[in-house]
Structure formats: structure tokens, C-alpha cells
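Everything on this sheet refers to the single structure shown next.
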Amino acid sequence: MINHIDVSSVLRTSVCDLYSNLVTRPTGAAVRLGIEHQLDEIGDRALAILDFSHVRLLDFSCADEIVAKLLLQYVSLDIPRREVYFLFYGMSESHLDAIEAVLERHGLALVTQLADGNPCLMGRVDGEQRQIWETMRELGSGELADVANAAGLAPDRVERALDDLWRRRLVIRQDKAYVALHGGPVLPLAERTAAPGSPTASA
Amino acid sequence: MTKVIEVPSSLDDQSFEQIFEALAPLPLDEKVLIDARHTRWASPYGLTALLAVAQTRLQRPTLAVPEIEDTASYWTRTQFFRYADDLYEITGRVPRARSTDDLNVLLEVSPVVKTEDIHTVVDRIQNKAQAMLIGTLHLEPSATMRFTMALSEICQNVIEHAGRGGWVAVHGYRWQKRLGGRRVVQIAVCDAGIGFRQSLESAHGPRATDRWDDGMALEETVMRGATRFRDPGRGQGLAGVRKFIHDWTGKFSVRSGTARIAIVPEWDSDVPMRENLPFFPGAQVQITIPETVVP
């Protein structure tokens, strides 16, 4: 199930309908709780698109409260809270300043879809895992053998990397196949720009 | 008896030390008169620290208003008297506000007491900051958001650590004698709360070291990101502020208790750490961002 969550709307309904900036820890905590309430209603297995398009400013404290603490709850290697995947959408350059800092601080990673539709992996991911993720980005979906073949790596190494990426909720596992969070394969630039401005996830 | 403390003609973070020095030996209940009659100019730090001074006195102090019309008018436009009136007995003529729309006042003197105040500050500053930072200081287009993030994080320190409210102001002006007359923007956030050392001690107790003082508390918090919270996500705000200021070749200083730490750019001759200063409670933060020289 795919759920689109407009973070700016959550801010206005959870904190104050006049606010458009995500600043301060109490604000961040209230927005995170609002998002969690929405996640509680969408089942045990879901892809949530967190849309920051209408958020003007995101400071470090709010990024820590919303992004880091949400990820820590849902993508923990030990006890994940259900199988929820996050695709971050509509990030501006200033949002990325704060998000990169909190991902680095907590050793986390996330997938964001940039304005041109191109998915991007942010945060701490080791070299081989990043390579496999990028292969998945190109493929869109595939079974272990397909990914290993495309990456040119031994299947046992690819299996370990895919398993780690899945545990971190950076790729979706569907029976024997793996699926990139953005859905299908990355289109050439000319095709991507044909339908700009909206999340393209279709997993 | 009333102790008269003369305010320097030019009131900034450096000259304010004269006021701290005069205040430090006085009992808190001694009546003081802050005499600004001959003051010609005050930075945002000067104005917000004057308000913090009044917060520390048990007996309501008196403030003598600058006699120069332009100076007093500027203080009115910054909204200084709006809050000084609650904290001081004011003597002298306070000009009435004709217009508060001064392009150099990016943010009037504003209270920082609760979370809502930070939303107000952030909302109010963005449009004016954009014109000043990009149009006048020639910073990169992303500077406005980064500047506002820095302001937000510094203000949050007051709410989370000071234990009482503080004040923030942001002004731009041209430095006549320094940096070849380049323009600068200054953020000042001053409070008279518990200060950095006591904030850290509230969670961890005094450190078991030969040297545990205000200077070390500033090093721990400002340079190494220590906080009183056990949450590992804490302390990122000041680290982010330091990075932005480094990128803009700006200056960042924090005074707390008896020490003052500064990140000093090449264009300034300040020292990174000053200790054994006259005691003043709370924390007084200043950020200076200079105009970028366009080749």
C-alpha cells in the first residue's frame, strides 16, 4: 500500500495552521507523532511517501525529531516497527543540509526523490551496498541473480548487501524479488522530464 | 544609594564588557542607573544585553535614554523600548515610533521565551533576510534558509537551556572602520539564565577534572557539541551553525559566566578564548556575517 503524507499538512493540523516552517524540537516531535498516527492506519506493510514540497524551512532540531527518530523506529536493524518503507519527496537544498547532518550523526540512510524524478540514496551506506542500490535503481526490480548479473558481483555478496538494504528499508523485498522504492527503472532524462512534479513511486 | 553605570558611546560586544565589569561587584539588590545619555550607537548585542542586564537585578534599574535624537529613534525602531519599558524605569525622552520599517533592522528586538516565539522570529525574518544576504552581502542563494536555520538553533538554546527567556535581534549595517567599510549582518541572542556550565552540570554534575569552569563548558558545548541531554541527536544545531559561519567567513562568539569563546575568521583579531571575565549569568551569543567581496 502506498501512502502519500504531506508533511506541511501534518504540521498545520498537528501544531498550528499558520506555520509553514519546521523549526524547534517540540514542533518536530508533534509532526512525527502526526505522521506515526497516519502510519498506524495504513497497515503492517506500506510505502510512505513523505512530501516536503510545501515545507519552507527545516532546521537541524526538527530534522532530528522527524527524520532521524522516524527512521530509528521503523528501520532499526533489531526491532523494526512493522514493514514500512519511506520515500522522501520534495526536498530542497536547505532541507538536505539538515537531513544530511542528522543521517550522519545517527548512521542512517534514506531514499529521496529529487525534483527531476531521479531517486537518490542519502546517508551512511558502505560502498558495495551503495553499488547494489544503484544497480537496483537502474533495474527497478529483479531477483538476486538479475541484480548480481547487472552488478557484476558474486551472488553471495549481492545477497548479503540486498538483505542489509532491505533491513534498512532502502529496497523492498517482495517474495524472491527486490524492488526499488521508486518503483520502475529510472527513465532517461528526456522521459523523466515529460511528467515532472509528482512522486513516481509505483511499487 | 544608586550606582551609575555609564554606557559606552559605541555599544557592542567588546565595549559591553565595561558594563559587565561595573555590574559584577554589585549586590543584586543594589539600585543601578544605566546611563546611555551619551551613547551614539548600539549593536544588536548591545541592545539585547541591556535587556538581559535588567533581568538580573532584584531592584528595578533605571535607564537614561540616549540624548542624540537619531540614536534614540533607532532604538525605538528596533522595538528596544517596547521591552525596556517593562524592565527599566526609563528617564529621558523616548521618541515615538513613526515607522518601524527600517531596512537595516532585519529583526526587531524580540523575546525568546517559548517555542512559538521561534516560529514568529523565523516567519518575520525570511523576506528581509533574503534581500540583505543575497542583495547586499552577495551570499549564495541558499544563504537565506541557512541563516534562518542558524537563527532558529541559537534561539532554541535559550528555551532549552537558559531556564528563563532571552532576547534576539538582527541588524545589518556598514562597518566604518573595519573590513574596509564592508557591510555586515549581526545576530545577537542574549539571556540571563543559568549559562552553559550550569546547564551541563544539571545532568552530569561538575566534571571530575582539575579544570572545570565556564571556559571548559563553552569548549565542550560550542566546539564538541556536548549537551545536558543524553539523546545522541542533541548538539547538532550548534555544529551546523559553526559550519555555515565557516562557509561565510563569519564570526561566532559565545559568552557565558566568566568566559567567552569565539570562532575567529582571518579578518578579525579577536582571541578564541577569554577567561576570568567579570561574571554575568546566562549566555550572550553573537554571529557576524560580512559582505562577500565580488571579484
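How about B:K3: which lysines have a C-alpha closer than 30 Å to its C-alpha, ignoring those fewer than 8 places off in the same chain?
B:K31
Mind running the shape call on the range B:1-101? Use the C-alpha gyration tensor, a ≥ b ≥ c as the square roots of the eigenvalues: rounded below 1.5 for a/c, prolate if a/b tops b/c, oblate otherwise.
prolate
Under the rule of at least 5 residues apart or a separate chain, name every residue whose amide H is placed under 5 Å from the amide H of A:A48.
Distant-sequence amide H within range of A:A48: A:N3, A:Y85, A:F86, A:L87.
Go ahead and run the numbers for FRET between B:R98 and B:M223, Cβ-Cβ distance against an R0 of 35 Å, rounding to 0.05.
0.20
Out of the range B:53-131, which GluC sites (Glu not before Pro) are coil in DSSP terms and have no more than 15 other C-beta atoms within 10 Å?
B:E67
Using Cα atoms only, what is the angle between the long axis of helix A:25-40 and the major principal axis of chain A, expressed in degrees (0 to 90) to the nearest 10?
The angle comes out near 60 degrees.
How far is it, in nm, from the label point at B:E116 to the one at A:E143 when both lie 7 Å from their Cα along the line to the Cβ?
Between B:E116 and A:E143, the simple spin-label model gives 6.1 nm.
Rounded, prolate or oblate for the range A:57-184? Axes are the square roots of the Cα gyration tensor eigenvalues, ordered a ≥ b ≥ c, and the cut-off for rounded is a/c under 1.5.
Note, shape of the range A:57-184 comes out prolate.
Dipole size in debye (nearest 20) for the protein assembly as shown around its Cα centre, Lys and Arg Cβ +1, Asp and Glu Cβ -1?
Here the protein assembly as shown has a charge dipole of around 720 debye.
Decide, for the range B:73-135, between rounded, prolate and oblate: order the square roots of the alpha carbon gyration tensor eigenvalues as a ≥ b ≥ c, take rounded if a/c falls under 1.5, and otherwise choose prolate if a/b is larger than b/c, else oblate.
Oblate, since a/c reaches 1.5 and b/c is not below a/b.
Restricting attention to the range B:24-123, which trypsin sites (Lys or Arg not before Pro) occupy a DSSP loop and are surrounded by at most 12 other Cβ atoms within 10 Å?
Answer by residue number: B:R93, B:R96, B:R98.
For B:R178 and A:E36, what is the calculated FRET efficiency with R₀ set at 35 Å and r taken between the beta-carbons, to the nearest 0.05?
0.10
Between the alpha-carbon centers of the range B:76-148 and the range A:105-139, tell me the distance in whole angstrom.
Distance between centres, Cα-based: 41 Å.
For chain B, give the share of DSSP beta bridges that are antiparallel, in percent and rounded to the nearest 5; count only bridges with both residues there.
75
Given the DSSP H assignment, sum -39500 (n - 2.57) over each helix run of at least 4 residues in the protein assembly as shown and divide by its residue total; what's the result at 222 nm in deg cm²/dmol, nearest 500?
That comes out to -11000 deg cm²/dmol.
FYI, it's all coordinate maths here, none of it is from the lab. Treat the numbers as computed from the prediction; the structure is a model and nothing was measured. All Cβ positions, glycine included, derive from the backbone under ideal geometry; neighbour counts span all protein chains shown.
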